[in-house]
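A short write-up of the structure that comes next.
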Ligand code: DAH
């Protein structure tokens, strides 16, 4: 019996020492020390042992039970420490690891082009003024010599908010707002970039909102030659030194005379999809500020003159980058934005 106890003790101690997790320990606890466990069974069996041997065997069996209990407790502690160590290792933050780089946004191509236009005119001594997008009919049309019922309103299908209030259809109303704010000071040299709205159905060349930059110069002795020189200078700096400019007679109620401005196409008339084989690309509208508009702005048309032009930012961006669908600007396709946008904000 004594050897049985010794063997059992050795076996139990070895099993406990090898237990890989708490669950295994629990099972050994039941197997050896539980109510029907093997050590318990031996202790119970002592009742049948001759009285003379009982104290010695009892002492050995109790000793074995104590050793197994101690081993179980020790192993339990070890395993708990191991579990804790693993948890801490898993949760630990390695501050020496390189950080996860942030995806930095880019400036939208329309903002890049708008900024280039702004920079050009800022260098010529113009300053920037902004006008409201929700505008009065009075400024959007009336003061620009486009009274109610005038056919020129037809080409600018308008979102009216009330009879008097609308979403501006162009940046030209800023011309009068700027002059009214400045008169009688001279010279007026202002550009006004911003968003404009027209009730157009969406297709490859139309959106119900787009961007323009208005340019206005008023002073004593300003002539058509100043307008032409500015246009040529702008076209060369924007589209390349070899670019030529062509003015076609046109009509805008707020300029007289008025012209449509074309720039020479890179294909030089050999024919391409950008110019449809014409060799010229329509870029903007321009003209000498109409005397009535100067008056509305608070200037005497006998004393001063001015030129104005209105440039479409989407149109300029499409020409410069060879973009054939205006909808791309608003679709937020990351491939488009990353290809043409500029780093920074
Ligand atoms: N406001 C005109 C439009 O949106 C463009 C324009 C034409 C602006 C001639 C001008 C100008 O300043 O002189 O169609």
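The values are calculated or read from the model by the stated rules, or taken from the named source; none is laboratory data. Predicted model only: the values in this text are computed from it and were never measured. Please note: Cβ atoms are built from the backbone with ideal geometry, for glycine as well, and neighbour counts cover all protein chains shown.
Scanning the range 182-202 for residues that are out of contact with any strand residue (DSSP E or B) (no Cβ under 6 Å at 6 or more places or on another chain) and touching a residue at least 40 places away in the same chain (Cβ under 8 Å), which turns out farthest from the ligand (Cβ to nearest atom)? Can you show your working first?
First pass over the range 182-202, keeping only residues out of contact with any strand residue (DSSP E or B) (no Cβ under 6 Å at 6 or more places or on another chain): 183-185, 194, 198-199, 201-202.
Okay, now just the ones that are also touching a residue at least 40 places away in the same chain (Cβ under 8 Å), so 183-184, 194, 198-199, 202.
Numbers: 183: 18, 184: 22, 194: 12, 198: 9, 199: 14, 202: 18 Å.
Residue satisfying both the conditions and the ranking: 184.
Considered as a group, the residues in the range 146-163 that are more than 26 Å from residue 190 (Cα to Cα) and in contact with a strand residue (DSSP E or B) (Cβ under 7 Å, 6 or more places away or on another chain) include one that is farthest from the ligand (Cβ to nearest atom), and that residue is 161. Only residues that are part of a loop (DSSP other than H, G, I, E, B) and within 10 Å of the ligand (Cβ to nearest atom) were counted across the range 164-179, and they come to 5.
Of all the residues in the range 211-229, those that are surrounded by 20 or more Cβ atoms within 10 Å (Cβ to Cβ) and either farther than 22 Å from residue 192 by Cβ or under 38 Å from the mean Cα position of the chain (by Cα) (or both) number 8.
Where helices (runs of 4 or more DSSP H) fall wholly inside the range 24-137, the ranges with 1 or more residues that are in the same structural domain as residue 10 (by TED's automatic domain parsing) and at pLDDT below 90 are 38-45, 54-91.
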